[in-house]
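Student: I have a structure I would like to understand better, so I am pasting it below and will then ask my questions one at a time.
Read the figures in this text as sums done on the coordinates, not as results from a lab. Keep in mind that what you see is a predicted model, and the values were worked out from it rather than measured. Every residue, glycine among them, receives a Cβ derived from its backbone with ideal geometry; neighbour counts consider all protein chains shown.
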Amino acid sequence: MALTIIIVCAAVLIVLSALSLPVHRSPLGRILVYGGSLLVSLTSLAVALAHLLGQAPHQALTLPIGLPWLGAHFLLDPLASFFLVVVNLGGAAASLYALGYGKHERAPQRVLPFYPLFLASMILVVVADDAFSFLFAWEFMSLSSWALVMAHDRLRENVRAGYVYIVMASFGTLALLIGFALLAGPDGAFAFSAIRDSHPSEAIAALVLVLVLIGAGSKAGLVPLHAWLPLAHPAAPSHVSALLSGVMTKVAVYAFIRITFDLIGTPAWWAGLVVLALAGITCVMGVLYALMQHDLKRLLAYHTVENIGIIFIGLGLALAFQAFGFALASALAFTAALLHVLNHSLFKNLLFLGSGAVLAGTGERDMEHLGGLIHRMPLTAFTFLVGCVAISALPPLNGFVSEWLTFQAILLSPQLPSWAFKFLVPAVGALLALSAALAAACFVKAFGVTFLGRPRTEAAANAHEADRFSLTAMFALTALCLLAGILPGYFIDALAPAAKSMVGASMPLQSEVPYLSIVPIAESRSSYNGLLVFIFMLVSASAAVLVIHRLASNRVRRGPAWDCGYPDPRPQTQYSASSFAQPIRRVFGTLVFRARERVEMPPPGDAAPARLTVSLSDVIWDVGYAPIAGAVGAISGWLNHLQYLSIRRYLSFVFAALVGLLLMLAIWP
Amino acid sequence: MALILSLAVQAAQMVLVLALAPLLLGFVRKIKARLLSRQGPPLIQPYRDLIRLLRKEVVLANNASWLFRAAPYLIFAATWVAASLVPTFASGLIFSWSADLIAIVALLGTARFFLALAGLDIGTAFGGIGSSREVMIASLAEPAMLMIVFTLALVAGSTQLSTMAGYLASSEVGLRVSIGMALVALIIVAIAENARIPVDNPATHLELTMVHEAMVLEYSGRHLALIDLSSELKLLLYVSLIGCLFVPWGIAPPDAPPGALLIGIAAYVAKLVAGGFLLAVFETSIAKMRVFRVPDFLGIALMLGLLATLLMFVARSH
């Protein structure tokens, strides 16, 4: 029943897309599409949540569509229902937000028809249970999101973003296609149930793992396959950016989990090694890239790369523990990864929606043109602040809990008997710790430069607060961030069936631990109580306020800023986004980005201004992508001659190809 | 009855850290002054400063936001909670399981997050320079701290401070290279985190290398008092942490009789005196670093921490 409702929900979304076509220019279209999507997402969310929490049995459904001899298989198991919760929670928040935010859309006809399609495709990817439906939904997801990325195609950079995205998405799908073909074998057993029973050979499993890392990893944003992500995610309208970053990357994580943990079966011992190494690099590179940005939405997109790294660290550890038969430790790492999937979808949606509110309120997303928004947009500022604290993994909010669990999983890994892990895991732990600290620095910058200080432009000085729908969506996500931070035990328990079905074990039941603490292994080993920490902080802060205001002084006098006696009224004298990042750029950037600062000082007596030029280079792009793009360009330029031949030449080509094929058939044993 | 008693011990710990924090700073200043052949301010001068600041009105910049006014309370709350969770005179306190060492480090991270934001709020160049340098220092000090936590957690088989202190005090530990490395790294981190010489100079704010003092330049009155008290608490926290992990003797075990608690308090005060004295000697015998030498200094801590963790990973064969 639950699965049927989910499929009907996806169908309703597709119908909504068709219905929006005649009314896309009127406000009715916006209300129809976003209101409809909101209702459908909430329904689907409720059904999936009930299935997950009720620990209902697996549900399967086969529809007579798709390939005639195969049909379309769908399955609702705990893993699928967890990811449905993530998808629909994000979908509901973005739809609610867009009810108000959609008013600012200049080209609604380019957004409205594709938005519900995008949501439907993500739902279908998660419930698909055969390779054909999976890839169909996956490609559907890529194309509908591509259309949304290209919604504002008047901007040159968006066109480039769309181009890079479509190339990388096609490449990723190709990798998945080959992977499924290898898994299905020569008989074409495309149903997942058949693949599960087939037990591929070691070589095939290894090849499939690499292909999945390319296919799902490129969609999720694993370094070095992340290049499209920071271009494409910010290009879309903000509520779609939220879905791209907060939800679609999670669907890619789902694909990785489904194929590696479920379909391939027992992982090879080195699988975890590869994943961990990639994940550690992804973490640090993502956050370092983010620190160098001054475009708010691009900064957030790069942070998605970092968080995907954290999720994959959990998954890599889970693979390693599973390969060596430590089921409980594997369950801990896997649960940490899934919890971070949920947490990241919550705060990344929140932050992208906040950046949309800033964009709508000022027309700017360049942080160097913002500042002081906390005065004009206090509510948005508050929600954005909560999102920043959460994503920086600071207690008592939710980001900390999942990172804490990941650290606990790392601390269990000395028992892994392989030397490779003994050397790699501490390094990955250090990279994770480094990225957590850098993330906090990055969000001090993001919030501080955008919302604090003095307005740097007229647009920032005249900002206006977001509308009610947007604020409701952002406050709902804020509340969820806090809730997941202070009551993590319930969230961990909800993930138990998913972990059990994938790694064969689950973490100890947290709701039985007294006082709502979480205890991953044993209380003498480690425990954390978000609620108590939160209450402690609340009580001590209020006690301080009360005591000081009662017994000491509560007088306030307003005056000009002190600034050590040299206040400068011009807002340009504030620290900007790039000057804030300067110390970190100097420490890390010279190595990673080949950052160079050049100061041009005019000679004494010359009144010319001094200039500081900073140059950064994207090493991964220069080394990995530019040569490939250059080679493709050169080859296509060379093949260009073939376009201007006479018809006789073309006919002779056809004839030669025919002869060649016949010869091959004749010679083939 | 037992519950009330353990609550009372926990409350005593919270009051004790709050009461001793300014005294520790006064003691360090006094010793430093004596080492420089000066008379120095009296031991209780930090208390007097705090009371005077608390009584004064707050002069707030015209464009200060609510965050600027709320930040001192949040910083104080996070630091105080963290300081109350580090075992000082007794371990296994009733709330000690609510946060392990990783969470304590993260709580200090929360405090720093708001402090750095407050530095940016008024929009002055001084605040900005302080905040940007503070996060640069933190971006190296925090991972170094976590590596130290990893090392000690692997030694003790726990991230729970009470368990760790208990294990490190027992005779099972023996002499280990990793622990030595962790100690050196922790001292470096503690110096950097508390803005002491050679990383930062706590006695001045008009110097090109300032970090902490530049960040809080716009604060005045009760807000400044809370910020000062928080940094005093943080200093106390780090000294207590080094004490409970590396000199874990004298700490009263869980459910100890009152006599053991008194011995614990005496031992704790002795540790603070020793820690404060060593800090003062260290600070007077070393010169301040240029700000872009600090990453090298902290890099040593990070590498030591990583090496110690690696050793623990390699050493554990089971």
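Student: Could you state the angle between the C-alpha long axis of helix B:125-156 and the longest principal axis of the C-alpha atoms of chain B, as a value from 0 to 90 degrees rounded to the nearest 10?
Tutor: 0
Student: Roughly how far apart, in whole Å, are the Cα centres of region A:151-183 and region A:1-23?
Tutor: Region A:151-183 and region A:1-23 have Cα centres separated by 25 Å.
Student: Oh, and also: Which whole-number value in Å³ per residue fits the convex hull of the alpha carbons of region A:455-600?
Tutor: Measuring per residue, one finds 317 Å³ for the Cα hull of region A:455-600.
Student: State to the nearest 20 debye the size of the charge dipole of region B:76-221 about its Cα centre, where the only charges are +1 on K and R beta carbons and -1 on D and E beta carbons.
Tutor: 300
Student: In degrees between 0 and 90, to the nearest 10, how far off the longest principal axis of chain B does helix B:66-85 point, with axes built from Cα atoms?
Tutor: 20
Student: I would also like to ask the following. Need one number: the % of Cα-Cα pairs in chain A sitting beyond the 33 Å mark.
Tutor: Tail fraction, whole percent: 50.
Student: Here's a follow-up. If we restrict to alpha carbons, what Rg and Dmax does region A:346-545 come to, in Å?
Tutor: When restricted to the Cα atoms of region A:346-545, Rg and Dmax are 19.9, 62 Å.
Student: Another question, if that's okay. Label-point separation (nm) for A:I635 and A:R555, each offset 7 Å from Cα along Cα-to-Cβ?
Tutor: Each label point lies 7 Å from its Cα, and together they span 7.9 nm.
Student: Among B:S37, A:S144, A:S170, which comes first, second and so on when ranked by fewest other beta-carbon atoms within 10 Å?
Tutor: B:S37, A:S170, A:S144
Student: Moving on. For chain A, with the dipole built from +1 on Lys and Arg beta-carbon atoms and -1 on Asp and Glu ones, taken about the Cα centre, which of A:L332, A:L359, A:H344 lies farthest toward the positive end?
Tutor: Working it through, the farthest residue towards the positive pole turns out to be A:L359.
Student: To the nearest 20 Debye, how big is the dipole of region A:93-211 about its Cα centre, given +1 on the beta carbon of each Lys and Arg and -1 on that of each Asp and Glu?
Tutor: With only Lys, Arg, Asp and Glu charged at Cβ, the dipole is about 740 debye.
Student: What does the helix-only formula give at 222 nm for chain B: each DSSP H stretch with n ≥ 4 adding -39500 (n - 2.57), the total divided by the residues, and the result rounded to the nearest 500 deg cm²/dmol?
Tutor: It lands at -24000 deg cm²/dmol.
Student: Given A:I264, B:G40, A:I410, which one lies farthest toward the positive end of the charge dipole of the protein assembly as shown, if we put +1 on the Cβ of every Lys and Arg and -1 on the Cβ of every Asp and Glu?
Tutor: B:G40
Student: At 25 °C and 0.890 mPa s, grab the translational diffusion coefficient of region B:2-315 from Stokes-Einstein with a Kirkwood Rh over Cα pairs, rounded to a whole number in µm² per second.
Tutor: For the chosen part, D equals 123 µm²/s.
Student: I'd like to compare A:102-110, B:186-194, B:122-130: which one has the highest average count of other Cβ atoms within 10 Å, and what's the full order after that?
Tutor: B:122-130, B:186-194, A:102-110
Student: Identify which of B:L236, B:L36, B:L140 has the largest mean-square fluctuation in a Gaussian network model of chain B, with springs joining Cα atoms closer than 10 Å.
Tutor: B:L36
Student: Further question on the same structure: Packing-wise, with mean Cβ within 10 Å as the measure, how do A:512-521, A:60-69, A:395-404 rank, highest first?
Tutor: Ranking the peptides A:512-521, A:60-69, A:395-404 by packing returns A:395-404, A:512-521, A:60-69.
Student: Given Cβ point charges of +1 (Lys, Arg) and -1 (Asp, Glu) and nothing else, what value in debye, to the nearest 20, does the dipole of chain B about its Cα centre take?
Tutor: 660
Student: Ok, one more. Give the average, rounded to an integer, of partner chain Cβ atoms located within 10 angstrom of each Cβ in A:572-585.
Tutor: Counting other chains' Cβ atoms within 10 Å and averaging over A:572-585 gives 5.
Student: Now for a different question. For chain A, what is the mean residue ellipticity at 222 nm derived from helices alone (per DSSP H run of n ≥ 4: -39500 (n - 2.57); sum divided by total residues; nearest 500 deg cm²/dmol)?
Tutor: For chain A, the value works out to -21500 deg cm²/dmol.
Student: Taking the Cβ of A:I311 as the center, what net charge do the other residues with Cβ under 14 Å away carry, scoring Lys and Arg +1 and Asp and Glu -1?
Tutor: For residues surrounding A:I311, the net value is +1.
Student: Using only atoms on other chains, find how many Cβ atoms lie within 10 Å of each Cβ of peptide B:216-227 and report the average.
Tutor: That average works out to 3.
Student: Along the charge dipole of the protein assembly as shown, pointing to its positive end and built from +1/-1 on Cβ of Lys, Arg, Asp and Glu, which listed residue (A:M502, A:A657, A:A437) has its Cα farthest out?
Tutor: A:A437
Student: What is the helix-to-structure angle for B:221-246, meaning the angle in degrees between its Cα long axis and the longest Cα principal axis of chain B, kept from 0 to 90 and rounded to the nearest 10?
Tutor: The two axes meet at around 20 degrees.
Student: Which lysines have a Cα less than 23 Å from the Cα of B:K30, not counting those fewer than 8 places away in the same chain?
Tutor: B:K234, B:K271, B:K288
Student: Considering only C-alpha atoms, what is the centroid distance from region B:211-263 to region B:88-130, in Å?
Tutor: Distance between centres, Cα-based: 12 Å.
Student: Could you sort the peptides B:38-47, A:252-261, A:500-509 by per-residue average Cβ neighbour count (10 Å cutoff), highest mean leading?
Tutor: Per-residue Cβ counts within 10 Å, averaged per peptide and sorted highest first, yield A:252-261, A:500-509, B:38-47.
Student: Arrange the following residues from fewest to most other Cβ atoms within 10 Å of their Cβ: A:E368, B:E134, A:E600.
Tutor: The order, fewest Cβ neighbours first, is A:E600, A:E368, B:E134.
Student: Something else about it: Just tell me which aspartates and glutamates come within less than 13 Å, Cα to Cα, of A:K219; anything on the same chain fewer than 8 places away is out.
Tutor: Those aspartates and glutamates meeting the cut-off are A:E139.
Student: On to the next question. Would you mind pulling out the separation of the Cα centroids of region A:226-289 and region A:625-659, in Å?
Tutor: Taking the Cα centre of region A:625-659 as reference, the centre of region A:226-289 is 36 Å away.
Student: Can you give the local net charge around A:H464? Use residues other than it whose beta-carbon is closer than 14 angstrom to its beta-carbon, Lys and Arg +1, Asp and Glu -1.
Tutor: Counting the neighbours of A:H464, the net charge comes to -1.
Student: Another question, then. Extension gain A:L21-A:F475, at 0.36 nm per residue separation less the Cα-Cα distance, in nm?
Tutor: This chain segment gains 160.3 nm when fully extended.
Student: Under the definition of partner shielding as Cβ atoms of other protein chains within 10 Å of a residue Cβ, what is the mean value for peptide A:408-418?
Tutor: The mean count of partner-chain Cβ atoms within 10 Å per residue comes to 4.
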